[in-house]
Amino acid sequence: MKFKIPFLDLARFPEELKNSLREKFSEMLDKGLFSGGNEVFKFENKLALYQKTPFAVACANGTDALEIALRVLKIGQGDEVIVPAISWVSTAEAVCLVGAKPIFIDVDLSGLMDISKLDLVITSRTKAIIPVHLYGQMVDMPSIMQFVKNKPIKVIEDAAQAFGSHLKGRPAGTWGDIGCLSFYPSKNLGALGEAGALISQNPTFETELRAYINHGQLLRDEHFLVGKNARMDSLQASFLNVLFECFEEWQQNRSYLAEVYWESLKDMAWLNLPRKTLNGTYNFHLFTIQTAFRNQLKDFLNNAGIQSIIHYPTPIPKMKPYFDSITYPNAERICNEILSLPLNPWLTENEVNYICEVIKKFNPNLSS
Ligand SMILES: Cc1ncc(COP(=O)(O)O)c(C=O)c1O
C-alpha cells in the first residue's frame with residue numbers, strides 16, 4: 001500500500017546529502033578499500049567524542065554489540081540476565097546466543113524496565129542487567145547503578161534506540177559497564193545498511209571488544225580468543241561520517257515536530273502521550289501514543305493514508321522461543337495499546353498537523 005504519509009521514507013534525504021553520499025561512494029570505490037581503514041577509525045573517534053567515552057568500537061550491528069558485550073563480561077552458560085519484557089527481540093536473543101538465560105521483568109507504563117521489581121527476580125545466578133532505553137526514553141540509570149553497587153552484577157545498556165539521549169548530561173550507553181548502539185537505517189543516526197557500536201567508560205574493555213569483533217585477533221593471524229566477524233563495513237563507516245554531520249540539525253527537526261504533536265494532542269482524553277518525552281532526556285526516536293482504541297485508530301489512520309507502526313505487538317516472554325508462563329500486566333497492556341506515529345527529520349510540519357487533525361476526527365465512541 002502506498003501511503004500519503006509513510007512512517008519513514010529514507011528516499012526523502014535532501015538531494016544535496018544524496019550527492020555527498022554518492023561522492024563518498026565514488027571515493028571509496030576509487031580507493032578500493034572495503035574493510036577497516038581510515039573511515040572506520042574516523043567514525044569511532046567521532047563517536048567517542050560525542051559520547052564522551054575514552055573509546056568506541058564500531059561493529060556490524062546492534063545485536064552483535066549486545067552479544068559481544070555479554071561475552072566480554074564473561075556471561076554465558078548457567079548465568080541469568082535480567083531484561084525488560086518489552087524490547088526489540090535482540091535484547092533477549094543476544095542473551096540466549098551466549099548460552100545464558102533471559103529473566104524477564106515487567107515494564108512501567110512508559111515501556112521501561114520497572115526497576116522496583118529487580119529485587120523480585122534477582123538470584124545468585126544473576127550476572128547482568130540489560131536496561132533498554134526504549135523509544136529513546138532513558139531508564140533511570142542512577143537507580144540501576146545504585147542497585148548493582150557492591151553486587152557481582154554487570155550492566156549492559158541497550159542504547160540501540162537512544163543515540164542522542166542524555167540523562168544528567170551523560171549520554172545513553174555510558175552509564176553501565178558497556179553500552180550498545182545500533183545505526184540501523186531507521187535509527188536517529190542510521191547507516192545505509194547494518195551498523196552498530198560498543199562504548200564504555202572503562203578502557204580495559206577495549207582490547208577484548210576489538211578482538212571479539214575481529215575473529216579474536218588484534219593483529220592478523222594472531223588469534224587469542226574465539227571471536228566472530230562483526231566488523232563494521234568501511235562503506236557504512238564512510239556513509240555514517242557524512243550523515244553524522246547532519247545529526248544535530250535532524251535532532252532539532254525531530255524535537256520541533258514532537259512538540260507540534262504534543263501541543264496539538266495533549267487534550268485528547270482517550271489518548272496517552274509519551275510523558276517521558278518531557279523530562280529532557282529523550283532523543284525523539286519514536287513518538288509512541290497509547291490508547292485502548294489502538295487497532296481502530298491504526299485503521300483510521302491507514303484509511304487517511306497515514307502509516308503507523310506498533311513497537312511492539314508481543315512481549316518477548318510471550319514469543320515462542322522465549323516463552324514463560326508469568327504474566328507481565330504492563331507489558332501486555334502496552335503491547336495492546338501502543339502506536340508509533342511518524343516522527344522523522346524529513347516530515348513536514350504540515351504533515352504532522354494533518355496527522356493530528358485526522359486523530360482529532362477519530363471518535364473512539366464509534367469504534368468497536
Ligand atoms: C532496543 C534494540 N535493541 C537492539 C537492536 C538491535 O540492533 P540491530 O538491528 O542493529 O542489530 C535494536 C534494533 O532495532 C533495538 O531497537
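Determine whether the stretch 21-41 contains at least one residue that is crowded, with 16+ Cβ neighbours inside 10 Å and either in contact with a Gly (Cβ under 6 Å, 6 or more places away or on another chain) or small (Gly, Ala, Ser) (or both).
no
How do the strands (runs of 3 or more DSSP E) wholly within the stretch 113-219 filter down when requiring 3 or more residues that are touching a residue at least 40 places away in the same chain (Cβ under 8 Å) and within 17 Å of the chain's Cα centre (by Cα): which remain? Please lay out each step first, then the result.
Numbers: elements: 126-129, 154-158, 178-182, 196-200.
Of the strands (runs of 3 or more DSSP E) lying wholly inside the stretch 113-219, those with at least 3 residues that are touching a residue at least 40 places away in the same chain (Cβ under 8 Å) and within 17 Å of the chain's Cα centre (by Cα) span 178-182, 196-200.
For the stretch 1-89, which helices (runs of 4 or more DSSP H) that fit wholly inside it have 2 or more residues that are more than 16 Å from the ligand (Cβ to nearest atom) and more than 17 Å from the chain's Cα centre (by Cα)?
Per the criteria, 15-31, 38-51.
Looking at the stretch 283-290, is at least one residue more than 15 Å from the ligand (Cβ to nearest atom), at pLDDT below 95 and in contact with a strand residue (DSSP E or B) (Cβ under 7 Å, 6 or more places away or on another chain)?
no
Pairs, please: C-beta under 6 Å, at least 6 apart or cross-chain, first residue under 16 Å from residue 216 (Cβ atoms) and in the stretch 65-90, second of a type in the set (Gly, Ala, Ser) and surrounded by fewer than 23 Cβ atoms within 10 Å (Cβ to Cβ)?
The qualifying pairs are 76/99; 76/100.
Given the structure, is residue 256 within 29 Å of residue 111 (Cβ to Cβ) and of a type outside the set (Asp, Glu)? Break it down into steps so the answer makes sense when it comes.
Numbers: within 29 Å of residue 111 (Cβ to Cβ): yes; of a type outside the set (Asp, Glu): yes.
Taking the combined requirement at face value, the residue satisfies it.
Taking residue 141, is it in contact with a Phe, Trp or Tyr (Cβ under 7 Å, 6 or more places away or on another chain) and more than 16 Å from the ligand (Cβ to nearest atom)? It would help to see each step written out before you state the result.
Details: in contact with a Phe, Trp or Tyr (Cβ under 7 Å, 6 or more places away or on another chain): yes; more than 16 Å from the ligand (Cβ to nearest atom): no.
When the stated conditions are applied, residue 141 does not pass them.
Going through the stretch 169-192 one residue at a time, which ones are surrounded by fewer than 24 Cβ atoms within 10 Å (Cβ to Cβ) and more than 10 Å from the ligand (Cβ to nearest atom)?
169, 170, 171, 174, 175, 177, 188, 189, 192
Tell me whether the stretch 110-127 contains one or more residues that are surrounded by fewer than 24 Cβ atoms within 10 Å (Cβ to Cβ), touching a Ser or Thr at 6+ places or on another chain (Cβ under 8 Å) and either at pLDDT below 95 or not polar (S, T, N, Q) (or both).
Checked the stretch 110-127: at least one residue is surrounded by fewer than 24 Cβ atoms within 10 Å (Cβ to Cβ), touching a Ser or Thr at 6+ places or on another chain (Cβ under 8 Å) and either at pLDDT below 95 or not polar (S, T, N, Q) (or both).
The values are calculated or read from the model by the stated rules, or taken from the named source; none is laboratory data. The structure displayed is predicted, hence computed values, not measured ones. As a convention, Cβ positions derive from the backbone with ideal geometry for all residues, glycine included, and neighbour counts pool all protein chains shown.
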